[in-house]
1. Being open to solvent by 20 Å² or more (accessible area, probe 1.4 Å) and at pLDDT below 85 narrows it down to one of W6, W27, so name that one.
2. Might you let me know whether the range 66-78 holds any residue that is at pLDDT 85 or above, under 19 Å from the mean Cα position of the chain (by Cα), over 24 Å from I170 (Cα atoms) and of a type in the set (D, E, K, R)?
3. Show the residue pairs that are 6+ apart or on different chains and have beta-carbon atoms under 7 Å apart, the first residue being within the range 6-19 and over 12 Å from R177 (Cβ atoms), the second being of a type in the set (S, T, N, Q).
Amino acid sequence: MNWRKWLDDFVLAGKGILMATKEKRFWYGFVPTFIFFAMLINLLSAGFSKFQLMFSSPEAFGLVIRDAFLSIFGVNQVFLDWLPVSLLCLLQGTLVGLIVFLWHKKREKGANSAGVEKAGIITGLVALGAGCPTCGTTLITPLLGAIFSTGSLAIAGAISIIVTILAVIIAILSLKRLGLETYVIIIDEKYRSKNAKSR
């Protein structure tokens, strides 16, 4: 494996991501995705108990949603629980932002857009694996509890770590690919625009 080329690809992908952040279309995908997943993971951090509380009364619904939104900014959160969740949501938001950006660019050029399937896989992994890393409660816990009567919490804790690591690895590799594609498209547009002006 050519490590220098691999690292160069990551550098170019990073430049592509930075270039995309200057476009409004990127933020159309990033902002709602980041907020949605940060709130969803907070709601899932205690299994389904917060969902049950939400639908117990209109007042409870408002309070739970408010707390889930404030959790995005670390309010009433343990820092070591908040940090990995925020990083995962940041990765997911960036992926969806790049996909929205590339989809618009490719649609303008009449090309087929790709990458949505991979973002969907990462979405599922993030939702399943993340939660409260300290207490080990995730969406996996109630799922395993329905299958196995005992020991599901311990199993869920181990699986949560594996799934979260897998989600991060897939997200980073997908960011590299989408970032490179973004870089190529933006540089190509600048080159064509420069040539058109020089004529």
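The values are calculated or read from the model by the stated rules, or taken from the named source; none is laboratory data. Since this is a predicted model, take the numbers as computed values, not measurements. Glycine also receives a Cβ, built like all others from the backbone with ideal geometry; neighbour counts cover every protein chain displayed. These accessible areas exclude ligands, DNA and RNA; they are computed on the full protein's heavy atoms, side chains included. Shrake-Rupley method; radii C 1.70, N 1.55, O 1.52, S 1.80 Å.
1. On the way: W27 fails: at pLDDT below 85.
The match here is W6.
2. No, the range 66-78 contains no residue that is at pLDDT 85 or above, under 19 Å from the mean Cα position of the chain (by Cα), over 24 Å from I170 (Cα atoms) and of a type in the set (D, E, K, R).
3. M19/T182
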